[in-house]
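Novice: Dumping the structure here so I can ask a few things about it.
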Amino acid sequence: MRYIPEPFKIKMVEPLKMTTREQREAYIKAADYNGFALPAEAVYIDLQTDSGTGAMTDTQWAGLMRGDEAYSGGRSYYRLMEVGKELFGYDYIQPVHQGRAAEKVLLPIIIKAGQYVISNTFFDTTRGHVGLAGGRPVDLVCAEGLDTTTYADFKGNMDVEKLVAFIEEHGVDSIAGIVMTITNNTVGGQPVSVANLREVSAVAKKYGILLIIDAARFAENAMFVKQREPEFNDKSIKQITLEAFALADAFTMSAKKDAIVNMGGLLGVRDNPALVERIKSNVISFEGYLTYGGLAGRDLEAMAIGLEEGLDEDYLRYRIGQSQYLAAKLEEYGIPFQNPVGGHGVFVDAGKMLPHIPWNYYPGHALAIELYLEAGIRACDIGSYLMDPDPVTGEQQQAPAEFTRLAIPRRVYTQAHLDVIADALKTIKERSREVPGYEITWQAEVLRHFTGKLRPVKL
Ligand code: F0G
């Protein structure tokens, strides 16, 4: 596959430190074999996340200087409102400091203790906030979403038949809401079709259930819709976004992804003044006054600019093209991954690549550590290591797939960096039998993967 060239040139550079294998062995040992505990300086290519790690344009940096730091009613707030309302078509848009802040503000208002919230697949923080609000998260992704080897255009979709069956079985009063995560991060940044959103929206309307979009990667999703859903081939990213968001009642959004800022989030509500009033009181308690929502005026300005830049089709083609380029190399080298590749990175199927490592020795984590040792690349596990033990039985839970996620930051790495990543994986594949599994020596009660300590185990 041809690399899609960058629709930008580089004005400022951030030097990277090169390390030797011996140095990396010492760093990772000192970090108890947990990538989160590494100093970022000891990392050459950082694929831990695409969240808040993007590079801003000169326009955004100039916007920082224009940020209006008034406590209330700042100019930057009004600029963000203008862009956000036009783009999403919602009556109320609230800035917050990041995606999980929007979740923390909204979810306790809509969930009564013991109620279910159903998603195509929750991202961890959203799942966490459903639980904190007393709710029970349920994932009902379509069957293709969990099959890494078979091609499907929209692996992020909700299984609508299962959704209806679940509602019928448990009764509509036991369900607080439906969350559609676009793109579906956990199954590989896989897109959701507008056709699927329409079906889910029709079910939500029929039963009177609130439909929320988790919009972190809405622009990448819209680009996939444009490319793969014939009805939308000739529509702009803006038109697709408007049409998709009109199907829901509210959205939460981490702006650290598709709005290409280092910090920020949004919460949107369409046509529900009573809900807006309750949101406002939570925002003032948790985030700050309504017109800044936990952010500096300069952050609001950069977000307003980034939201528009993120819709540019040349940028999105290049952006998705980076994942596709890396995936094509892995395919050539016979390295299994969630296929087709999603928007924000490649999810390597470490369970398949390292079959000698059983799931409870964490192949996704093992491959991430091996990538660091091999080439200074930091990735992370999206598999059984990420799953906390069952809160009731304390039993270790097995994830549906053992992924190593290579998340690609926006506008940061070059084609040569991607080649380094592919080459490192190829080298590891050649000596894959030597890659050790990992054992946990210490773990926190919740979200253990952030702070856990591990040691290698020869298998
Ligand atoms: N929803 C989705 C789909 C996400 O991917 C994330 C963050 C959030 C919500 C929470 O947003 O971090 O701004 O509070 N995902 C990052 C990741 C952390 O690495 O995938 P946040």
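Since every read-out is calculated from the coordinates, none of them should be taken as a lab result. Not measured: the values here are computed from a predicted model. A quick note on method: Cβ atoms are made from the backbone with ideal geometry, for glycine too, and the neighbour counts reach across all protein chains shown.
Novice: R0 = 30 Å: FRET efficiency of D153 with D423, Cβ-based, nearest 0.05? Write out the running numbers ahead of the final one.
Specialist: Numbers: r = 30 Å, r/R0 = 1.00.
FRET efficiency, D153 to D423: 0.50.
Novice: What is the set of long-range amide H partners of T181 at a cut-off below 5 Å, with H atoms built 1.01 Å from backbone N?
Specialist: Amide H neighbours of T181, under 5 Å, 5+ apart: N120, T121, D214.
Novice: Can you give me the relative contact order of the chain as a percent, contacts being Cα pairs under 8 Å and 6 or more apart?
Specialist: Working: 964 pairs, mean separation 102.3, N = 459.
Averaging sequence separation for qualifying contacts and normalising by length gives 22 percent for the chain.
Novice: Normalised radius of gyration for segment 83-143, please: alpha carbon Rg relative to 2.2 N^0.38 Å, two decimal places. Display every interim value, and only then the final one.
Specialist: Details: Rg = 13.2 Å, N = 61, 2.2 N^0.38 = 10.5 Å.
That works out to 1.26 for segment 83-143.
Novice: Please work out whether segment 60-309 counts as rounded, prolate or oblate from its C-alpha gyration tensor, where a ≥ b ≥ c are the square roots of the eigenvalues and a/c under 1.5 means rounded, while otherwise a/b larger than b/c means prolate and anything else oblate? Walk me through the numbers before you get to the answer.
Specialist: Details: a/c = 1.95, a/b = 1.32, b/c = 1.48.
The shape class here is oblate.
Novice: Specify the angular offset, from 0 to 90 degrees and rounded to the nearest 10, of the alpha carbon long axis of helix 160-170 from the longest principal axis of the alpha carbons in the chain.
Specialist: 70 degrees
Novice: Quickly work out the E395-to-S174 label distance, labels modelled 7 Å from Cα along the C-beta direction, and quote it in nm with one decimal.
Specialist: Taking the two extended label points, one gets 2.1 nm.
Novice: Restricting everything to alpha-carbon atoms, can you work out Rg to Rh for segment 142-214 with a Kirkwood hydrodynamic radius? If you can, show how the numbers build up before the last one.
Specialist: Working: Rg = 12.5 Å, Rh = 12.7 Å.
Ratio of gyration radius to Kirkwood radius: 0.98.
Novice: For the chain, find the longest principal axis of its Cα atoms and tell me its angle to the long axis of helix 297-309, 0 to 90°, nearest 10.
Specialist: Long axis of 297-309 versus the principal axis of the chain: about 80 degrees.
Novice: Still on this structure, please answer the following. Please state the relative contact order of segment 60-309 as a whole percent: Cα pairs under 8 Å, 6+ residues apart? Please report the intermediate quantities before stating the final value.
Specialist: On the way: 515 pairs, mean separation 78.3, N = 250.
So the answer I get is 31 percent.
Novice: Over the Cα atoms of the chain, compute the convex hull volume and normalise it per residue, giving Å³. Working shown, then result.
Specialist: Details: hull volume 64.5 nm³, N = 459.
So the per-residue Cα hull volume is 141 Å³.
Novice: Output ³J(HN,Hα) for segment 338-346: one whole-Hz value per residue in order, computed from phi by the Karplus curve 6.51 cos²θ - 1.76 cosθ + 1.60 with θ = phi - 60°, and x for Gly and Pro.
Specialist: 5, 10, x, 5, x, x, 9, x, 10
Novice: Tell me, what HN-Hα J-couplings in whole Hz come from the Karplus equation 6.51 cos²θ - 1.76 cosθ + 1.60 at θ = phi - 60° for each residue of segment 39-44, using x for Gly and Pro?
Specialist: Coupling constants for segment 39-44: x, 4, 5, 7, 10, 8 Hz.
Novice: Here is a follow-up. Given labels modelled 7 Å from the Cα in the Cβ direction, how far is it in nm from E82 to D271?
Specialist: Here the answer is 2.7 nm between the modelled labels.
Novice: How high is the FRET efficiency from A195 to A26, r the C-beta distance, R0 51 Å, rounded to 0.05? If you can, show how the numbers build up before the last one.
Specialist: Numbers: r = 52 Å, r/R0 = 1.02.
Taking R0 as 51 Å, the efficiency between A195 and A26 is 0.45.
Novice: Using θ = phi - 60° and the Karplus curve 6.51 cos²θ - 1.76 cosθ + 1.60, what whole-Hz ³J(HN,Hα) does each residue of segment 201-212 get, with Gly and Pro shown as x?
Specialist: Once rounded to whole Hz, the list reads 5, 5, 5, 4, 5, 4, 9, x, 9, 5, 10, 10.
Novice: What's the angle, to the nearest 10 degrees (0 to 90), between helix 313-332's Cα axis and the longest principal axis of the chain?
Specialist: The angle comes out at about 30 degrees.
Novice: So for the pair L16, Y3, with labels modelled 7 Å out along Cα→Cβ, what separation do we get in nm?
Specialist: Reported label-point gap for L16 and Y3 is 1.2 nm.
Novice: Are any of the pairs K226/K257; K257/K458; K11/K226; K85/K257 more than 28 Å apart by Cα-Cα distance, and if so, which?
Specialist: On the way: K226/K257 19 Å; K257/K458 38 Å; K11/K226 31 Å; K85/K257 19 Å.
Too far apart for the 28 Å limit: K257/K458; K11/K226.
Novice: Tell me, how many Å apart are the Cα centres for segment 163-199 and for segment 8-73?
Specialist: 34 Å
Novice: Which shape class applies to segment 232-390: rounded if a/c is under 1.5, otherwise prolate when a/b exceeds b/c and oblate if not, where a ≥ b ≥ c are the square roots of the Cα gyration tensor eigenvalues? Let's see the in-between values first.
Specialist: Details: a/c = 2.23, a/b = 1.63, b/c = 1.37.
Prolate, since a/c reaches 1.5 and a/b exceeds b/c.
Novice: Taking H as built 1.01 Å from N, whose amide H comes closer than 5 Å to the amide H of G452, not counting residues under 5 places away?
Specialist: A444
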